[in-house]
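Notes for the one structure printed next.
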Ligand SMILES: [Zn+2]
């Protein structure tokens, strides 16, 4: 069973854990994968064995480009997780990937959650985070073979209306 350490926390991924094992194996090869339903063909980013749209339990891993748009975000100012204390404040972003934007309907899409980091893989500054900004996946390589997909801002025009929380 693969076992990793990330920011002082132990992460164990069971060999039988099809939900995450393939995801992190692909990440170690710097590939971002999501689940593809073998019945309706739609992609999904959230964990879970069943297709949220047709309830099928049949799926396979599907590689995606890793480019998308910030759909929503949250700034973590105070974390209860000790290993993230020196990271705060940091952004958690919900990214809508380009492969399936606006499908199966205008309110839904292929979305995954990660942190937003800068070019040094440190948390992106809060003033730079906004809904609508374009991002791409960035792979944060740990020392023991554990790789975590994150997102980074890219120099592309925003998609739709840019929105940012004003403090
Ligand atoms: Zn389906």
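Just so you know, all these numbers are worked out from the coordinates, no wet-lab data involved. Note that the structure is a prediction, hence the values are computed from the model and not measured. Cβ atoms come from the backbone with ideal geometry, glycine included; neighbour counts cover every protein chain shown.
Can you compute the helix-only [θ] at 222 nm over the chain? Use -39500 (n - 2.57) per DSSP H run of at least 4 residues, normalise by all residues, nearest 500 deg cm²/dmol.
Values: 1 runs with 8 residues, N = 167.
After summing the helix terms and dividing by residue count, I get -1500 deg cm²/dmol.
For segment 48-167, what is the relative contact order in percent, using Cα pairs closer than 8 Å and at least 6 residues apart in sequence?
Numbers: 216 pairs, mean separation 27.1, N = 120.
Across segment 48-167, relative contact order equals 23 percent.
If you rank 139, 90 by fewest surrounding Cβ atoms within 10 Å, what's the result?
Working: 139 16, 90 21.
Ranked by crowding around the Cβ, least crowded first: 139, 90.
What is the antiparallel percent of DSSP beta bridges lying wholly in the chain, to the nearest 5? It would help to have the intermediate numbers written out before the result.
Numbers: 37 of 39 bridges.
Roughly 95 percent of the DSSP beta bridges within the chain come out antiparallel.
At what distance in angstrom do the alpha carbon centres of segment 31-56 and segment 80-156 lie from each other?
Each part reduced to its Cα centre gives a spacing of 20 Å.
Can you run the Rg to Rh ratio on segment 3-153? Use alpha carbon positions and the Kirkwood inverse-distance Rh. Before the final figure, lay out each step's value.
Details: Rg = 15.7 Å, Rh = 16.2 Å.
Dividing the radius of gyration by the Kirkwood radius yields 0.96.
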